[in-house]
1. Mind telling me which of Gly197, Gly93, Gly219 comes out most flexible in a GNM of the chain, alpha-carbon contacts under 10 Å?
2. Work through the residues other than Thr77 whose Cβ is under 9 Å from its Cβ and net out their charges, Lys, Arg +1 and Asp, Glu -1.
3. Taking region 13-231, how much of its Cα-Cα pair set, in percent, is spaced more than 31 angstrom apart?
4. Starting from the amide H of Val28, placed 1.01 Å from N in the peptide plane, find each other amide H under 5 Å away whose residue is 5 or more places distant or on another chain.
5. Short version: ³J(HN,Hα) in whole Hz for each residue of region 219-232, in order, from phi by Karplus 6.51 cos²θ - 1.76 cosθ + 1.60 (θ = phi - 60°), x for Gly and Pro, what are they?
6. Among Met115, Met71, Met42, determine the one that fluctuates most according to a GNM of the chain built with springs between C-alpha atoms less than 10 Å apart.
7. Where does the charge balance sit around Leu218 when Lys and Arg score +1, Asp and Glu -1, over other residues with C-beta under 11 Å from its C-beta?
8. Only Cα pairs within less than 10 Å get springs; with that Gaussian network setup on the chain, which residue of Glu139, Glu216, Glu41 has the largest fluctuation?
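Any read-out appearing in this document is the output of simple, stated calculations on the displayed coordinates, not a laboratory observation. As the structure is a prediction and not an experimental result, all values here were calculated from the model. Note that each Cβ is placed from the backbone with ideal geometry, even for glycine, and that neighbours are counted across all protein chains shown.
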Amino acid sequence: MTDFVFAPPATVSVPVHGSAQRFAVNRVYCVGRNYEDHAKEMGFTGREPPFFFLKPANAIIAVDAGSVGKMAYPSLTKNLHHEIELVVAIGKGGKNISATNAHEHVWGYAVGLDMTRRDLQGEMKKQGRPWCIGKGFDESAPIGPIVPKAQAAGAEQAAISVTVNGQPRQSSNVAKLIWNVAETIEHLSAAWELQAGDLIFTGTPEGVAAVVAGDEMLGRVDGLPDLRVLVV
Ligand code: MN
């Protein structure tokens, strides 16, 4: 047995819908500005090649079906934004995967929230610095149960939305992704060798806005279990 200097951290995992099994999380990749109307609201044209950033795996808050996840309002920000996203779970690794073969590598789908300290991200953008502090903070990646792909056939053409305290905020369709799931996997796997357990937050539609402590977000992608998260 390896003699570690301290106990290694527990494996981060996400429930699998309809199963006692759990999906062990490896890396958490995120696609930036992948819906045209969101790119435009952020001041861009919506026509650029895909780009990526990462969150640490332990930023995941795994929320069981039917329960409400709790996310502490993070430090240092006065502008915490929700970004509702379809999350793709990778079950088989590979590099230089073609879009044609990409779905062989997909294990399943989930609803996720790419929570963002927008004020800090904006400051980093202005200074040409990395986005980590705006995107990769603790508890910045709430996610619902992962549905195996055979049971989630419509996930890439599904309505996607988030409400806050019952009020509509973001509402679109995953079919409007600029770079679809297969193309995203092609681009991502050209830059990194994907591994089983990697998650891909595929991007958010327009309508990103702030939440405060006491707000409850209800994230939906049709056909997948809802994601409820209370900011505390
Ligand atoms: Mn995002």
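1. Answer for the Gaussian network model of the chain: Gly93.
2. Cβ neighbours under 9 Å give a net charge of +2.
3. Every Cα pair in region 13-231 considered, those over 31 Å come to 11 percent.
4. Lys55, Ala57, Leu199
5. Rounded to whole hertz, the list is x, 9, 10, 3, x, 10, x, 4, 10, 10, 9, 9, 8, 10.
6. Comparing Met115, Met71, Met42 in a Gaussian network model of the chain, the most mobile one is Met42.
7. That sum, taken over residues with Cβ under 11 Å, equals 0.
8. Judging by the Gaussian network model, the answer is Glu41.
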